[in-house]
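What follows is one structure encoded as structure tokens, with my remarks underneath.
The values are calculated or read from the model by the stated rules, or taken from the named source; none is laboratory data. Because the structure is predicted, anything quoted here is derived from the model rather than measured. Every residue, glycine among them, receives a Cβ derived from its backbone with ideal geometry; neighbour counts consider all protein chains shown. Note: areas computed on protein heavy atoms with side chains; ligands, DNA, RNA excluded. Shrake-Rupley method; radii C 1.70, N 1.55, O 1.52, S 1.80 Å.
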Amino acid sequence: MEQKTLKQLRLLLPGIFAVIIGTYYYFIVANKEISEIEFKEYSIPFLIAVAFGALFYLTDIRYLVTNYSHKKIDLNIKNHIIKLYTKPLTDTQKQYLYQKNRLKNVFYNIIDNDESLKKKQTNIFFNGLIWTSTADLVIICFLFSIVFLISMTIFNEASDLLLMGGFIMILIALISLLAHILAFLKHVKLSNEQIEYIETHHISRVDKIIDGMINNI
């Protein structure tokens, strides 16, 4: 998977999730069967999905779930990269390197110039898609569970189905949260494998890049 494809799917998937769950909600409140509903114009749900995905992207709402694990992934990369540097560093130099993702830039600079690491990056992009998509599902299902449960007071005749739908949304949210945690752990493992490769093949390049950075202090 390429980074461009990853960005497109991260934009589109939250909307697809929302359209599917929203359609399920409509089935219940409109008292219709799936066979009775068909989209004569598929561009409409597609546009809704894109609009919803854009809203997700612009509000950064997924970071309510991903923020903690994102910081842990970043810190793991930074801590490992600075350990690869073979020369002593002062506290000021360390602080400087940790700022503005400078240590992550060392990491990605080496990846961009090594074909083997680029191939490994494909697995990380795919895992990253699972990591963000499960976070999206947690948020979307949680929000829809509230909609389902509140709707019980409005659509009394469908209260049993709405209650079941609300519990299904909560269950999916919990399963998605577990999958998100597993994807986070997998992401750390994949990053560590890249760092091990860098330690074996590019330790001198790490020194060279960091030398250039701290000489600018």
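Inside the range 69-104, residues that are open to solvent by 70 Å² or more (accessible area, probe 1.4 Å), closer than 21 Å to residue 211 by Cα and of a type in the set (Lys, Arg) make up a count of 4. Tallying residues that are hydroxyl-bearing (Ser, Thr, Tyr) and either within 13 Å of residue 45 (Cα to Cα) or crowded, with 16+ Cβ neighbours inside 10 Å (or both) within the range 1-23 yields 1. You will find that of 90, 134, the residue that is over 17 Å from residue 192 (Cβ atoms), at pLDDT 95 or above and β-branched (Val, Ile, Thr) is 134 and no other. Can you spot a residue in the range 70-82 that is over 12 Å from the mean Cα position of the chain (by Cα) and farther than 23 Å from residue 182 by Cα? Looking through the range 70-82, at least one residue is over 12 Å from the mean Cα position of the chain (by Cα) and farther than 23 Å from residue 182 by Cα. Would it be correct to say that residue 139 is touching a Lys or Arg at 6+ places or on another chain (Cβ under 7 Å), in a helix (DSSP H, G or I), open to solvent by less than 20 Å² (accessible area, probe 1.4 Å) and farther than 18 Å from residue 18 by Cβ? Criteria not met by residue 139. For the range 85-102, the set of residues classified as assigned to a helix (DSSP H, G or I) and free of Cβ contacts under 8 Å to residues at least 40 places away in the same chain consists of 91, 94, 95, 98, 99, 100, 101, listed by residue number.
All conditions but one from (1) charged (D, E, K, R); (2) touching a helix residue (DSSP H, G or I) at 6+ places or on another chain (Cβ under 8 Å); (3) modelled with pLDDT under 90 apply to residue 119; the one that does not is (2). Report, by residue number, each residue of the range 176-194 that is surrounded by 19 or more Cβ atoms within 10 Å (Cβ to Cβ) and closer than 17 Å to residue 83 by Cα. 191, 194 - these are the residues of the range 176-194 that are surrounded by 19 or more Cβ atoms within 10 Å (Cβ to Cβ) and closer than 17 Å to residue 83 by Cα. Is there a residue being aliphatic (A, V, I, L, M), in a helix (DSSP H, G or I) and open to solvent by 90 Å² or more (accessible area, probe 1.4 Å) anywhere in the range 58-68? There is at least one residue in the range 58-68 that is aliphatic (A, V, I, L, M), in a helix (DSSP H, G or I) and open to solvent by 90 Å² or more (accessible area, probe 1.4 Å).
Kindly indicate the residue of the range 155-175 that is among the β-branched types (Val, Ile, Thr) and free of Cβ contacts under 8 Å to residues at least 24 places away in the same chain and also surrounded by the fewest Cβ atoms within 10 Å (Cβ to Cβ) among those meeting that condition. In this case the residue turns out to be 175. Would you confirm, using the coordinates I've provided, whether residue 209 is open to solvent by 10 Å² or more (accessible area, probe 1.4 Å), over 15 Å from the mean Cα position of the chain (by Cα) and free of Cβ contacts under 8 Å to residues at least 40 places away in the same chain? No; evaluated as a whole, the condition is false for this residue.
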